[in-house]
Amino acid sequence: MSGEVLKVSREGPVVILTIDDRETRNALSVGLTRQLVAACAEINSDMSVGCAILTAAGDVFCAGGNIKDMYARANHFAGNAAEIRRTYLTGVQTIARALYDLEVPIIAAVNGPAMGAGMDFATMCTIRIASQQAKFAESFIKLGLTSAAGGAWFLSRAVGSSAAAELALTGDTIDAARALELGLISRVVPHEALLDEARSIAARITRHPTHSIRLNTRLLRESARLDLPAALEIAAGMQAIVQQTEDQYEAVASAVEKRKPVYKGR
């Protein structure tokens, strides 16, 4: 469609989302926001999808906010304080909600610089890997801003409060090796192998039953914000649900019978 800045492709049970707006260095835009949120809704509604990958075309993962919009007081920077608040709530923040509510795991394959909101988008993903060319910066403070996309919430959960504060308050850029040390990403791979590595992880996920993938993804996410009694309660409920699926019985039967399982998504 006209104005498409997010390419969506399908490889079996895996959906690959590729940000492709190289003229702006894959910067945040109204179009990207709408298309990414719509893609997440489509994934949630399609039970044949077991995993997603978020990456980008070109040499940049996402440059963050469009500095020309900042200078021109356009889009997210237009209007009075009340109008700007509403723009964030109904605009870029819908990406945080969509990725948080995604029922399948999503792998961020960070191919290059992930700056500002671009770094935030990576932290919103379930699993994060990066090429050797990747760089990260929670760079809002350098432009006199705060993180309005959700980074303050996601980043501290990804790397801990001290490292998150250092990144947010200095605005420093870190390379992939440092991101690995901090736990921001789980592995660094050669640039040319990045997407293949993401596909390999996705394949090891999607070999399992779809319902189990989705419930485990939700359980991990919900447990992180619950106290132990509540987490145990939701775990019991999800276990009760998944144990009633045909694919869970097939997983057990195939293990007992020493054969490859055949899942039907039921």
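Quick notes on this one:
- Considering segment 19-122, the qualifying helices (runs of 4 or more DSSP H), each wholly inside and each with 3 or more residues that are among the small types (Gly, Ala, Ser), run over 30-45.
- The set of residues in segment 60-103 being of a type in the set (Asp, Glu) and without any contact (Cβ under 8 Å) to a residue 24 or more places away in the chain consists of Asp69, Glu83.
- Within segment 102-118, the set of residues being in contact with a helix residue (DSSP H, G or I) (Cβ under 7 Å, 6 or more places away or on another chain) and of a type outside the set (S, T, N, Q) comprises Leu102, Glu103, Val104, Pro105, Ile106, Ile107, Ala108, Ala109, Val110, Ala114, Met115, Gly116.
- Criterion violated by Ser147 - all others in (1) at pLDDT below 95; (2) out of contact with any Asp or Glu (no Cβ under 8 Å at 6 or more places or on another chain); (3) farther than 16 Å from Leu32 by Cβ satisfied: (2)
- Considering segment 128-197, the qualifying strands (runs of 3 or more DSSP E), each wholly inside and each with 1 or more residues that are over 19 Å from Ala63 (Cα atoms) and charged (D, E, K, R), run over 187-189.
- Restricting segment 221-242 to residues that are without any contact (Cβ under 8 Å) to a residue 12 or more places away in the chain and closer than 26 Å to Ala52 by Cβ, the residue that is surrounded by the most Cβ atoms within 10 Å (Cβ to Cβ): Ala231
- Any hit, segment 101-111, residues being surrounded by fewer than 16 Cβ atoms within 10 Å (Cβ to Cβ), within 14 Å of the chain's Cα centre (by Cα) and under 30 Å from Gly265 (Cα atoms): yes
- Matching entry among Thr245, Thr217 (being of a type outside the set (Lys, Arg), closer than 22 Å to Leu102 by Cβ and more than 23 Å from the chain's Cα centre (by Cα)): Thr245
- Qualifying residues in segment 117-126 (those that are surrounded by 24 or more Cβ atoms within 10 Å (Cβ to Cβ) and in contact (Cβ under 8 Å) with a residue 60 or more places away in the chain) - the one nearest to Leu145 (Cα to Cα): Ala117
- Each residue in segment 186-220 was checked for being hydrophobic (A, V, I, L, M, F, W, C), closer than 21 Å to Ile241 by Cα and surrounded by fewer than 16 Cβ atoms within 10 Å (Cβ to Cβ), and 1 of them qualify.
- All of Ala177, Ala148 fail the test of being surrounded by fewer than 23 Cβ atoms within 10 Å (Cβ to Cβ), in contact (Cβ under 8 Å) with a residue 60 or more places away in the chain and more than 28 Å from Thr206 (Cβ to Cβ), apart from Ala148.
- Residues located in segment 243-266, provided they are part of a helix (DSSP H, G or I), in contact with a Ser or Thr (Cβ under 9 Å, 6 or more places away or on another chain) and either touching a residue at least 60 places away in the same chain (Cβ under 8 Å) or of a type in the set (Gly, Ala, Ser) (or both): Ala251
The values are calculated or read from the model by the stated rules, or taken from the named source; none is laboratory data. What you see is a predicted model, and the numbers here were worked out from it, not measured in a lab. Don't worry about glycine lacking a Cβ; one is built from the backbone with ideal geometry, like all the others, and counts go over all protein chains shown.
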